[in-house]
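The values are calculated or read from the model by the stated rules, or taken from the named source; none is laboratory data. All values reported here derive from a predicted model rather than from experimental measurement. Glycine gets a Cβ as well: all are built from the backbone with ideal geometry, and neighbour counts include every protein chain shown. Side chains are part of the model used for accessible areas, which takes the heavy atoms of the whole protein and leaves out ligands, DNA and RNA. Shrake-Rupley method; radii C 1.70, N 1.55, O 1.52, S 1.80 Å.
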Amino acid sequence: MLHRLAAAALALTLGLAAPARADTLVVTAARMVDVERGRYVDNPVVVVVDGRITAVGTAVPANLPADARRLDLPGLTLLPGLIDMHVHLAGTPYVSGFKVLEYADDFETVLQVPNARANLMAGFTTVRNLGGPDFADVALRQAIDAGFVEGPRVIPAGVSFGATGGHCDETGLPRSLARANDYNADSVDAARHSVREVRKYGAQVIKVCATGGVFSRNTEPGQQQMTLAELTAVADEAHMWGLKVAAHAHGASGIADAIRAGIDTIEHASLIDAEGIRLAVQRGTWLSMDIYNTDFTQATGTEFGVTEDNLRKDREIGQLQRDNFRAAHRAGARMVFGSDAAIYPHGQNARQFAVMVEYGMTPAEAIRAATWNAAQALGREGDVGAIVTGRYGDLIAVSGDPLADVRMLETVPVVIKGGAVVRDAR
C-alpha cells in the first residue's frame, strides 16, 4: 500500500497522470461456504477487482486481464473474512488490574498495533472496537485505512461512556488520584451531548454501559446504571446521526431497558431472563455474548493481576451466561459473534466458536454469527460478511470441514483483505 501511495505522489510531482489499471485477483478453492444457507459450493471461483468482488461462480471468466493474479487453494475451504463484534484492541490479558499503573500512559495505545495485526492474521478481517483510550481506535482505523499499519477493518467506538461511578467510568483509584470519564452521561441531555461529541471525533458506533461489569471496581454486573430515559436518548440520538449503538449490559433489568430503548446490540447479556429474551426476539435485537473468555480468566487471572473481586464476579456469572446463551438461542434470538478479545489474547478469538456449538448452535450457525449476521447488525450488508458480488474481497481459507468441525477456524492459513493476500501459511 505504501509503495503505491509513493508512486502516485511521484507521478503527481512530475505532472504525470497515474496509470488507471485495475488490480485483479482470481481465487479458486476446493469448496466455499455459503454462509447465508449453511452449505457448500464446490470448486468456487471468486474474482476481486480493486478490492471488491466482481464475480462468484464455478468457472474462470474468459475476459480476465493478462496481468490478473491467481491464487489457487486446492483442498481448502473458502469463507468470508470473519467479523468480531466486540474487541478491545488496546487491551491485553497479560497486564490486568493495578499492574496497568506500572506502564506509561500511552502503553495501551501502542498495543493496538500488534493486536490489530493478530486479529487480521487469525482471519478476522473486520472488528468492532468497543472501548479503549479515548479515540485511539479512530487513529488506528485511519492508519490502517491509509496503509501505514496492517490490520482489519476497524469500526471504532472512540470512547465508551455511561454513568458516573459506573462500569465505563474510572472507578479503580482513590479520591486523591481521581480520574473520570469526560463523557459521563448522568441525564437525558448529557446522554444526547455525549453521543454528539463522540461522533464528532470519529466514532462509528456508540458504546454505552447500561449496567455494572466484571472488570471494574465498585460495580456489580447485575446493577443497572443508566435509566430507560437515558438509554432511549442515546439510541434516538445515535440513530438520527446514522450510527448503531452497543450496550454493555450484564444484568436483567439493564438488558430489558436497553432493548426497550431501541439499542441495536446487547453486549454480554449474561443475566438475561425470560422477559429479556422475549423482548430481544420480539424486537429483533442482536445479542453478542462472549461465552469463552471465562476459561482464560479463571485459569490465568491471578498470575496476570486480575483482582480477586473481579475473579469472583467472573466466577459468579460465567456459567449463567453460557446457560442463558443456550436459552436465548433456543428461543430464536438473533445472535452475533463477540469475543471481548483483550480479556483473552487477541488472535485467539476463534476459540469461542466451539463453545457456541457446545451451548446449542450448529457450526453453520456459529459461522453465520461471525459473518452474515454480524454484517446485518453492523448495517454493512453491502460490504462484508459474505462472498457475494459487490462486497469487499475479504476471504479466508481453512483446511478440513468447518461445517462439521468449527475448530477448523482456530487455524486460518490464508487471509485475504480487499483482494490483498495478507497471510499465506500453507
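Some points to look at:
- From most to least packed by mean Cβ count within 10 Å, the peptides 403-414, 360-371 give 360-371, 403-414.
- Largest to smallest in accessible area, the residues ARG196, ARG380 fall in the order ARG196, ARG380 (1.4 Å probe, all protein chains included).
- A cut-off of 5 Å between modelled amide H atoms, ignoring neighbours fewer than 5 places along the same chain, links VAL45 with GLY57, THR58, ALA59.
- Extension gain for PHE98 to LEU320 (0.36 nm times residue separation, less C-alpha to C-alpha distance): 77.2 nm.
- Label point distance in nm, ALA59-ARG312, each placed 7 Å from Cα along Cα→Cβ: 6.9
- For VAL414, the residues whose amide H sits under 5 Å from its own are ALA397, ALA425, ignoring neighbours fewer than 5 places away on the same chain, with H placed 1.01 Å from N.
- Dimensions of the stretch 296-426 along the principal axes, based on C-alpha atoms and rounded to the nearest Å, stand at 49, 36, 29, largest first.
- If you bin all the Cα-Cα distances of the stretch 341-417 at 10 Å, starting from zero, the percentages per bin are 19, 46, 34, 2.
- Think of the stretch 250-360 as a dipole: +1 on every Lys or Arg Cβ, -1 on every Asp or Glu Cβ, centred on the Cα centre; then among ILE272, GLN352, TRP286, TRP286 lies furthest on the positive end.
- Screening the chain for whole DSSP H helices with an alpha carbon extent of at least 15 angstrom along the helix axis and a mean Kyte-Doolittle hydropathy of at least 0.0 yields 2-13, 107-121, 228-240.
- For GLU150, distant residues with modelled amide H under 5 Å away: none
- Calculated diffusion of the stretch 251-294, Stokes-Einstein form, Kirkwood radius summed over Cα pairs, 4 °C and 1.567 mPa s, µm²/s: 126
- Residue by residue, the stretch 174-187 carries 3J(HN,Hα) couplings of x, 4, 5, 10, 4, 9, 9, 6, 5, 10, 3, 10, 9, 7 Hz when phi is fed to the Karplus relation 6.51 cos²θ - 1.76 cosθ + 1.60 (θ = phi - 60°); x denotes Gly or Pro.
- Taken about its Cα centre, the chain carries a charge dipole of roughly 980 debye when the Cβ of each Lys and Arg holds +1 and the Cβ of each Asp and Glu holds -1.
- Peptide packing for 175-186, 128-139, 153-164 was compared via the average number of neighbouring C-beta atoms within 10 Å per residue; ordered from the highest value, the list is 153-164, 128-139, 175-186.
- Semi-axes of the equivalent ellipsoid of the stretch 236-327 are 27, 15, 10 Å, computed as sqrt(5λ) over the eigenvalues of the C-alpha gyration tensor in descending order.
- Rg ratio for the stretch 73-205: its Cα radius of gyration over 2.2 N^0.38 Å, N being its residue count, equals 1.19.
- Per-residue HN-Hα couplings for the stretch 393-407 [Karplus 6.51, -1.76, 1.60; θ = phi - 60°; Hz; x = Gly/Pro]: x, 9, 9, 10, 9, 10, 8, x, 10, x, 6, 9, 9, 5, 5
- For the stretch 15-101, DSSP calls about 65 percent of its internal beta bridges antiparallel.
- Take LYS99: with every protein chain present and a 1.4 Å probe, its accessible area is about 80 Å².
- Computed from the alpha carbon positions, the gyration tensor of the stretch 188-264 leads to an equivalent ellipsoid with semi-axes of 21, 13, 10 Å, biggest first.
- Student exercise, the stretch 160-253 dipole from Lys, Arg, Asp, Glu Cβ charges, in Debye to nearest 20: 240
- Between the residues HIS193, ASN181, VAL214, the greatest Cα displacement towards the positive end of the dipole of the chain, with unit charges on the Cβ of Lys, Arg, Asp and Glu, is found for HIS193.
- log₁₀ of I(q)/I(0) at q = 0.11, 0.14, 0.15 Å⁻¹ - the stretch 167-311, Debye sum with one point per alpha carbon: -0.43, -0.69, -0.79
- The smallest convex shape that holds all Cα atoms of the chain, its convex hull, gives 147 Å³ per residue.
- Peptides 346-353, 386-393 ordered by average Cβ neighbours within 10 Å, highest first: 346-353, 386-393
- Calculated [θ] (222 nm, deg cm²/dmol) that DSSP helices of n ≥ 4 give over the chain, each run adding -39,500 (n - 2.57): -9500 deg cm²/dmol
- Relative contact order, percent, the chain [alpha-carbon distance under 8 Å, six or more residues apart]: 19
- Among GLN112, GLY38, GLY132 - extreme Cα towards positive end, dipole of the chain, charges at beta-carbon: GLY38
- Of all lysines in the structure, the ones whose alpha carbon falls short of 21 Å from that of LYS200, not counting any fewer than 8 places away in one chain, are LYS244.
- Sequence of ASP106, ASP401, ASP169, ASP84 from largest to smallest accessible area, 1.4 Å probe: ASP106, ASP401, ASP169, ASP84
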